[in-house]
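Q: I'd like to ask you about the structure that follows.
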Amino acid sequence: VQLQASGGGLVQAGESLRLSCVASGSISRRDLGWYRQAPGLQRESVASITRGGSTNYVDSVKGRFTISRDDAKNTVYLQMSSLKPEDTAVYYCAASRMFDSRYTYWGQGTKVTVSS
């Protein structure tokens with residue numbers, strides 16, 4: 001399956017963005033996630049959602065970011081609110097194989113820049 005992420009951009013601190021990631025095939029039996037990589041840092045997991053709908057977030061985004069999925073549209077979203085300069089990164093979506101929990105497929109990344 002191929003993943004296409006979009007929605008990044010330049011915003012000011014405190015503003016919101018919604019990232020979208022469209023898959024070329026069905027996502028209904030896949031776990032999905034969003035990762036990010038800031039310059040000079042390792043890629044980190046930001047949020048995940050299982051095929052059953054359970055979600056998990058890194059502590060730094062809890063209460064500000066929301067991951068959701070629309071299986072009918074083969075799309076996973078990341079709603080980001082109260083953005084901070086430290087959220088600046090390239091954001092990647094990821095998907096597992098069907099009935100698996102390991103991420104095998106990755107999108108190309110969308111850049112988010114938050115100015116102070």
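The values are calculated or read from the model by the stated rules, or taken from the named source; none is laboratory data. The model shown is predicted, which means the values in this text are computed figures rather than measured ones. All Cβ positions, even for glycine, are placed from backbone atoms using ideal geometry, and neighbour counts span all protein chains on display. Heads up: the accessible areas ignore ligands, DNA and RNA and are worked out on the full protein's heavy atoms, side chains in. Shrake-Rupley method; radii C 1.70, N 1.55, O 1.52, S 1.80 Å.
Q: Give me the net charge of V112's neighbourhood, meaning all other residues with Cβ under 10 Å from the Cβ of V112; Lys, Arg count +1, Asp, Glu -1.
A: Every neighbour counted, the sum reads +1.
Q: In angstroms, what radius of gyration and Dmax does the stretch 36-85 have, counting Cα atoms only?
A: 12.1, 37
Q: While we're on this one: Solvent-accessible area per residue for the chain at a 1.4 Å probe radius, Å²? Each step should come with its number before you reach the end.
A: On the way: 6010 Å² over 116 residues.
Here the per-residue accessible area is 52 Å².
Q: Give me the number: length gained by fully extending R64 to S101, i.e. 0.36 nm times residue separation minus the C-alpha to C-alpha distance, one decimal in nm.
A: Length difference between fully extended and current span is 10.9 nm.
Q: Next up: With viscosity set to 0.692 mPa s at 37 °C, what whole-number translational diffusion coefficient in µm²/s follows for the chain from Stokes-Einstein and a Kirkwood radius over Cα pairs?
A: The diffusion coefficient I find is 236 µm²/s.
Q: Still on this model: Would you list which aspartates and glutamates come within 20 Å of K84, measuring only between C-alpha atoms, while excluding same-chain residues fewer than 8 positions from it?
A: Straight-line reach from K84, under 20 Å: E15, E44, D59.
Q: Given a 1.4 Å probe and every protein chain left where it sits, what share in percent of the accessible area of the stretch 33-89 is carbon and sulfur? Each step should come with its number before you reach the end.
A: Numbers: 1330 of 2940 Å².
So the carbon and sulfur contribution to the accessible surface is 45 percent.
Q: For Q4 and S115, FRET efficiency with R0 = 35 Å and r from the beta-carbon atoms, rounded to 0.05?
A: Efficiency at R0 = 35 Å is approximately 0.85.
Q: If packing is taken as the average count of other Cβ atoms within 10 Å, what order do 100-110, 19-29 fall into, highest mean first?
A: 19-29, 100-110
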